[in-house]
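Right, one structure below, let's go through it.
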C-alpha cells in the first residue's frame with residue numbers, strides 16, 4: 001500500500017493506494033490546522049477502510065488484508081510550492097513515516113499534481129497558486145497522445161505577465177483561480193478555460209498516481225535531504241521594541 005499526503009495549501013488531502021487502485025481518499029478544508037488534523041485523519045482513513053470496519057457497516061462476514069501504517073511500502077508527498085507551515089507539516093510527517101517504517105519517499109510538485117488531474121482534456125494546463133505580493137506561482141503542463149510533459153518550468157510571475165505567454169486555449173486550475181477568474185477572462189477571453197469548483201478541487205489520488213510512476217521506476221527521494229519547495233520564505237514581522 002502507498003500513502004499520499006498533501007498539505008500544500010488550506011485544502012489538505014490523503015489517499016491510500018494498493019495494486020494501482022485507490023482504496024480511499026479524503027479531501028478537506030483545514031485552514032492552518034494541518035498539524036492537528038493530518039495524522040488523526042490518516043488514522044481515520046485507515047480504520048474506515050479496514051475489513052472489520054467494512055464488514056460491520058455492511059453486515060457481511062469475510063476476511064481481508066488489514067490496512068495499517070505498517071502495510072505501507074511508500075510515502076508520496078506534495079513538496080510544494082505552497083504555504084510555509086502547511087508544507088513543513090506534510091514533509092516532516094512524510095519523512096517521519098518513511099524513516100520509522102524504513103520505506104521509500106517520493107516528493108511531487110504540488111503544481112504538477114494540481115495540473116495532472118486535467119491531463120486528459122488535451123489542452124495546456126496552467127496551475128496557479130497565490131504567492132503573495134501580487135505574484136503567482138505557476139507552471140505549464142500538457143497531456144497529449146498519452147504523454148504527460150512539462151512545457152514551462154515552475155516560476156513566479158504576475159497575472160498580466162502570465163497572460164502575455166498564453167497563445168492558445170488553456171485550462172487554468174488551482175485554489176486561487178476563482179479569485180482571478182474575471183481578470184483571466186478579461187485578458188484572455190475564450191483562451192481561458194475556467195473549471196467548475198468541483199473540477200478544480202485538488203485531489204490526493206492524482207498526487208498518488210504521479211508518485212507511483214516514479215516509485216515503480218525506482219526513482220525515489222532521499223528522506224534525509226528531501227525539503228519543501230518554497231519560492232520565498234515565510235513573512236516574518238520585525239519585533240516591536242519598547
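The values are calculated or read from the model by the stated rules, or taken from the named source; none is laboratory data. Just so it is clear, the model here is predicted, and its values are computed rather than measured. Glycine gets a Cβ as well: all are built from the backbone with ideal geometry, and neighbour counts include every protein chain shown.
Of the residues 204, 137, 198, 113, the single one that is under 16 Å from residue 11 (Cβ atoms) and free of Cβ contacts under 8 Å to residues at least 12 places away in the same chain is 198. If you go through region 98-130 and pick out every residue that is touching a helix residue (DSSP H, G or I) at 6+ places or on another chain (Cβ under 7 Å) and in a helix (DSSP H, G or I), you end up with 4. Identify all residues within region 82-99 that are farther than 10 Å from residue 8 by Cα and either without any contact (Cβ under 8 Å) to a residue 12 or more places away in the chain or buried (at least 24 other Cβ atoms within 10 Å of the Cβ) (or both); write none if there are none. Once the filter is applied, which keeps residues that are farther than 10 Å from residue 8 by Cα and either without any contact (Cβ under 8 Å) to a residue 12 or more places away in the chain or buried (at least 24 other Cβ atoms within 10 Å of the Cβ) (or both), region 82-99 yields 92, 94, 96, 98.
Residue selection: residue 48 satisfies the criterion of being surrounded by fewer than 18 Cβ atoms within 10 Å (Cβ to Cβ) and more than 17 Å from residue 202 (Cα to Cα).
Only one of 169, 165 is farther than 30 Å from residue 92 by Cβ, in contact with a helix residue (DSSP H, G or I) (Cβ under 7 Å, 6 or more places away or on another chain) and without any contact (Cβ under 8 Å) to a residue 60 or more places away in the chain. Can you tell me which?
Numbers: 165 fails: in contact with a helix residue (DSSP H, G or I) (Cβ under 7 Å, 6 or more places away or on another chain).
Sole residue among the options that is farther than 30 Å from residue 92 by Cβ, in contact with a helix residue (DSSP H, G or I) (Cβ under 7 Å, 6 or more places away or on another chain) and without any contact (Cβ under 8 Å) to a residue 60 or more places away in the chain: 169.
Of the residues making up region 23-39, at least one is modelled with pLDDT under 95, in contact with a strand residue (DSSP E or B) (Cβ under 7 Å, 6 or more places away or on another chain), within 27 Å of residue 218 (Cα to Cα) and surrounded by fewer than 22 Cβ atoms within 10 Å (Cβ to Cβ).
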